[in-house]
Amino acid sequence: MTATRNPGSALYAPESAPLADAAAPYDLPPPAVHGCWYPSADPSGRHVAFICDRAGVPQLWTGPVDGAEVRRLDADPHPVTEVSWSPDGRWIAYTTAPGGGELTRVLCVRPDGSGRHLLAGGESGTSARLGCWQHDGSAIAVTVTESAPPGQPDRYHAEAPGGPPGTEHAPQWAGRDGRAVLLDPAGGRLAPAAGGVRSGSGRELEERTLSAYLVDPEGSAAPVLLFSERGAANQRVCDLSRDGRLALVYRGPRGRREALVVRTEDSAVTCAFPVADGDPWVGGFSPSAGTLWLRSDAGREYAALLAAHLGPRGDLHSTRVVAEREDCGLELLALGHDARSAVLAWNRHGISDLELLALDSAPPHGTAAAPPPSAGDARRVELPHEVVTRIAPTADPDAPVVALSGSRRHPGVWWLPHGAPLRTPWSSRDEDAFPPGPAPVRPTPVRPVARDGLQLGGWYYRAPGRSPGEPAPCVLHLHGGPEEQERPVLEPLYLELLGRGLDVFAPDVRGSSGHGRSFTDADLGAGRFAAIDDVADCAAHVVVQGLADPRRMAVMGRSYGGYLTMASLVWHPGLFRTGVAVCGMSDLTTFFAGTEPWIAQSAAHKYGHPEHDRDLLRALSPMSRVDALRVPVLAVHGEHDTNVPPGESEQFVRAARERGLEAQLLLLRDEGHDFRRADNRRLFRRTAGDWLERHLAD
């Protein structure tokens, strides 16, 4: 790791660019099933900026916490992924994903919709990530990847003429590179790949530089470099001390995340702490910067709230755990505006438990002999739904805003004045979550045991109208990550399948989060063979319990779950009747050759190094055993996915067809690794539902 203020890095400092006003009225009534999420409150706490897909794509909106009037601030078609209202109330910063791809950019707009401009991510080949605001609102921290050197094209994103409107200031358009394959709607045949898939030796993992800058939203001052690191897998500025001396930087690959305290005057790292995976907003400084509050699982099974006592130069004096639970981890941490209170969300078996906590910080510029920081009594807040996905503190520490999701509602934003949860009027109503007719399906927790004795987890969804003792056609759905976790939230895909009479079992195999650090790390390297066996053990469990019909089972998953889907079909070829693999890796060698360099940096810790562990990666790859495939397969991919390139699906489908099996590929336009557009999501659900219903019929 190298921290630097290399003058050469100034080549890649973000450049502000004005954009056309994209605020627009929206006079149509919102669809009943729209979602609202990722809230950020203004200084008064009475207005919220948030992401909403009521117009068919996630866009930036604002509205009062207690009124129905909303305003769309950016009507561009590029999905919005993060939002942050400035502490002085003058600006709203947000992140967009042009064309649904993986290279993002950071923009700013005034709360009335005027003054929209690009802050970072507009240079060729760059990507930008939102960080924290300075506490006076005068600047915002933004992390950018270095662009290609002047005059040289970006190696990984070939120029694609005719990119979507509005990408003239976007990162280099990630178009087809010869591996994206279209499904012929007439005959269902694959168009030939021009150039094939690159081999693992076709490209070395290039170390790119991630640099964090302080950017003036007004554009009147040049960006100031805070921290730069070559070969970084991840980087985000989570907080700045109120006097500007220190920055809290979140960095590192998956499974080895760290929080660094960085002196802004010279970019020196004064101390580092291991922190938990998951939400990147891991903590912040007390008003005097004498205490650093962190969500950390260092030396622990479950993440806890840690208080670090700092010296005047940011050096570490002592640490203390101030809030912990024996059987579950701290998932979300949000400090109040004055950093004297915090909102904590604990993850207990997939369900959130929310607490308000008073904080007692160390004295200003404390010494080693000063009293250690501590926390007061926690006050629990009753929630109307199961899962908290985001916490937005307000000026009133007793009235935070939270994003909630649950098994009976679409994502919505709630205001919690004095612990009384109130749904914002512009969020969808709970009673609109399901179409008329079907009753809400509350999933049942299931605890399978793997063949080596490891306790697994998951949720079982029973199709409406089926008698309890009747074995059902069942779809085993595998989440991504692999560190994600199945939660009891309303998943439209599950509604689609349940409406067709198919049960859904969504397990947590080893490698998932929410079950402790040992469980998350149990699939590292060669442990992935056991994770593949976990899928078979989960299927056996629901069969033995009398829930699933062993003759009518399918496996399906997205991202890492897509990989597990393909792996399960070739490692356990007699178990499932069909599979649906979404954005999955079919060959870990070609995945490393085609993915983004910073993604490869993180993935090497999970799967193995593309050079040093080449034999292991080959052995773990579904393509190495594709001769064992016996059943039809549907693959689905976003055409602009640079996380798992579309070639991963194409080569598996091609191999299946070469072996005489039915196989199809659905390539979704204007999508990356996550499907964000409402029309594409509907197409995906309908296509997957049709496929599974047909292949699981009697």
Checklist entry - With all protein chains present, how much of the accessible area of the chain (probe radius 1.4 Å) comes from carbon and sulfur, to the nearest whole percent? => result 51 percent
Checklist entry - trypsin sites (Lys or Arg not before Pro) within the range 219-256: which are DSSP loop residues with at most 14 other Cβ atoms inside 10 Å? => result ARG256
Item to check | Size descriptor, Kirkwood hydrodynamic radius, that averages inverse alpha-carbon separations across the range 519-560, Å | outcome: 11.7 Å
Checklist entry - How are the Cα pair distances of the range 232-295 distributed, in percent, across 5 Å bins from 0? => result 4, 20, 32, 25, 13, 5, 0
Checklist entry - For the chain, what is the charge dipole size about the Cα centre, in debye to the nearest 20, if Lys and Arg each add +1 at the Cβ and Asp and Glu each add -1 at the Cβ? => result 1020 debye
Item to check | Dipole-positive endmost among GLY516, GLY499, LEU696 within the chain (Cβ charges, Cα centre) | outcome: LEU696
Next on the checklist: Going 7 Å from the Cα of SER518 along its beta-carbon direction, which residues of the range 292-329 have the amide nitrogen within less than 12 Å of the resulting point?
Outcome noted: 300-302
Item to check | Listed residues GLU324, GLU650 arranged by accessible area, highest first, probe 1.4 Å | outcome: GLU324, GLU650
Next on the checklist: Quick check for you: with a 1.4 Å probe and neighbouring chains kept, what is the accessible area per residue of the chain, in Å²?
Outcome noted: 36 Å²
Item to check | Listed peptides 214-223, 469-478 by packing density, highest first (mean Cβ within 10 Å) | outcome: 469-478, 214-223
Item to check | Interatomic Cα distance distribution for the range 542-583, bins of 10 angstrom, percent | outcome: 32, 47, 20, 0
Next on the checklist: Give me log10 I(q)/I(0) at q = 0.21 Å⁻¹ for the range 437-560, Debye formula, one equal scatterer per alpha-carbon, no solvent.
Outcome noted: -1.20
Checklist outcome for this item: the range 610-654, Kirkwood Rh and Cα Rg, ratio Rg/Rh at 1.02
Item to check | Cα radius of gyration and Dmax for the range 633-698 (Å) | outcome: 12.6, 39
Next on the checklist: Starting from 0.36 nm per residue, how many nanometres of slack lie between ASP88 and SER467 once their C-alpha separation is accounted for?
Outcome noted: 130.7 nm
Item to check | Stokes-Einstein diffusion coefficient of the range 18-141, Kirkwood radius over Cα pairs, 25 °C, 0.890 mPa s, in µm²/s | outcome: 168 µm²/s
Next on the checklist: Can you give me the orientation-averaged projected area of the convex hull built on the Cα atoms of the range 47-102, in nm²?
Outcome noted: 4.0 nm²
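Give me the tail of P(r) for the range 532-618 as a percent: Cα-Cα pairs with distance above 22 Å. Please report the intermediate quantities before stating the final value.
Numbers: 1279 of 3741 pairs.
The calculated P(r) of the range 532-618 puts 34 percent of pairs beyond 22 Å.
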Checklist outcome for this item: In whole percents, the bins of 5 Å from zero upward hold the Cα-Cα pairs of the range 16-88 as 3, 16, 25, 28, 18, 8, 2, 0
Item to check | Translational diffusion coefficient (Stokes-Einstein; Kirkwood radius from C-alpha pairs) of the range 473-543 at 10 °C, 1.306 mPa s, in µm²/s | outcome: 122 µm²/s
Next on the checklist: Given axes a ≥ b ≥ c from the Cα gyration tensor, I'd like to know whether the range 290-341 is rounded (a/c under 1.5), prolate (a/b larger than b/c) or oblate.
Outcome noted: oblate
Checklist outcome for this item: Of 420-428, 16-24, 100-108, ordering from highest average Cβ density within 10 Å down gives 100-108, 420-428, 16-24
Checklist entry - Mind checking the log10 I(q)/I(0) for the range 71-130 at q = 0.12, 0.14, 0.20 Å⁻¹? Debye, one equal scatterer per Cα, no solvent, two decimals. => result -0.26, -0.35, -0.71
Checklist entry - Okay, helix-only estimate at 222 nm for the chain: each DSSP H run of n ≥ 4 adds -39500 (n - 2.57), divide by all residues, round to 500 deg cm²/dmol; what do you get? => result -4000 deg cm²/dmol
Checklist entry - Sorted from largest down, what three extents in whole angstroms do the Cα atoms of the chain have along their principal axes? => result 70, 59, 54
Checklist outcome for this item: Rg from C-alpha atoms of the range 415-510, normalised by the globular rule of thumb 2.2 N^0.38 Å, equals 1.30
Checklist entry - If one puts a single equal scatterer on every Cα of the range 589-698 and applies the Debye formula without solvent, what log₁₀ I(q)/I(0) results at q = 0.09 Å⁻¹? => result -0.29
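Go through 655-663, 293-301 and give me the packing order, highest mean Cβ count within 10 Å leading.
293-301, 655-663
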Item to check | Stretch gain in nm, segment ALA358-ARG340, where the contour uses 0.36 nm per residue and the Cα spacing is subtracted | outcome: 5.9 nm
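The values are calculated or read from the model by the stated rules, or taken from the named source; none is laboratory data. All figures in this text were calculated on a predicted structure; none of them were measured in a lab. Positions of Cβ are generated from backbone atoms using ideal geometry, with glycine treated the same way; all protein chains shown enter the neighbour counts. These accessible areas exclude ligands, DNA and RNA; they are computed on the full protein's heavy atoms, side chains included. Shrake-Rupley method; radii C 1.70, N 1.55, O 1.52, S 1.80 Å.
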